[in-house]
Amino acid sequence: MSQPAFPDWHGTTILAVRKDGATVVAGDGQVSMGQTVVKGNARKVRRLAGGRVVAGFAGATADAFTLIERLEAKLEQYPEQLARACVDLAKDWRTDRYLRRLEAMLIVASKDEIYTVTGAGDVLEPEKGVAAIGSGGNYALAAARALLDGDLDAEAIARKAMSIAADICVYTNRELVVETV
């Protein structure tokens, strides 16, 4: 078996929850290489567009920062048009030779919208106001969907779902960054 060209970096969980007029994006802080935790308090959730938009990323950090910078430029080009900015980013990501090699995914959210943006050209809006990416994303997504009908607000749902994901996914920890828009 040949060695990979790059370190075997794993892990993150990013979750977005919209409920009762609030949208929350939560991300854990763990960065792993193989079986080793390299960093426990990475910040994978960022505010953009003067705080009106929050983006969380999974994947290669430098690649994600490149995409976030491009997204910020799109948000300046299309103010108050988050869907258009995300679609334009996805289009560039898919067609530009340099961007096509980037290995990351984004969750982008405003008060009223949540999108998952991928390098395959996808801009997906979740059906139930919950989206997740990363190694623990499916665990957090399932937990958040199960908690949606209860009395918890969006932030409490995100925190509880992320805790459940951390119980299951070894690449997810409890060092959360939580941003509300």
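Numbers for the structure displayed
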read-out	value
The stretch 37-79, residues that are basic (Lys, Arg) and assigned to a loop (DSSP other than H, G, I, E, B)	Arg43, Lys44, Arg52
When residues of the stretch 121-146 are limited to those that are touching a residue at least 12 places away in the same chain (Cβ under 8 Å) and part of a loop (DSSP other than H, G, I, E, B), the one nearest to Gly59 (Cα to Cα)	Ser135
Where Thr118 falls short, out of the listed (1) without any contact (Cβ under 8 Å) to a residue 40 or more places away in the chain; (2) more than 17 Å from Val54 (Cα to Cα); (3) not aliphatic (A, V, I, L, M)	(2)
Qualifying residue in the stretch 84-98 (condition: without any contact (Cβ under 8 Å) to a residue 12 or more places away in the chain, more than 16 Å from Thr13 (Cα to Cα) and either in contact with a Leu (Cβ under 9 Å, 6 or more places away or on another chain) or assigned to a loop (DSSP other than H, G, I, E, B) (or both))	yes
Qualifying residue in the stretch 67-90 (condition: in contact with a strand residue (DSSP E or B) (Cβ under 8 Å, 6 or more places away or on another chain), surrounded by fewer than 16 Cβ atoms within 10 Å (Cβ to Cβ) and under 23 Å from Asp153 (Cβ atoms))	no
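Yes or no, residue by residue, for (1) more than 13 Å from the chain's Cα centre (by Cα); (2) charged (D, E, K, R); (3) surrounded by fewer than 14 Cβ atoms within 10 Å (Cβ to Cβ):
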residue: Phe57; (1), (2), (3): no, no, no
residue: Tyr98; (1), (2), (3): yes, no, yes
residue: Ala132; (1), (2), (3): no, no, no
residue: Ala142; (1), (2), (3): yes, no, no
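Every read-out reported here was derived from the displayed coordinates using simple, explicitly stated rules and does not represent laboratory data. What you are looking at is a predicted structure, and each value in this text was computed from that prediction instead of being measured. Note: ideal-geometry Cβ built from the backbone for every residue, glycine included; neighbour counts use all protein chains shown.
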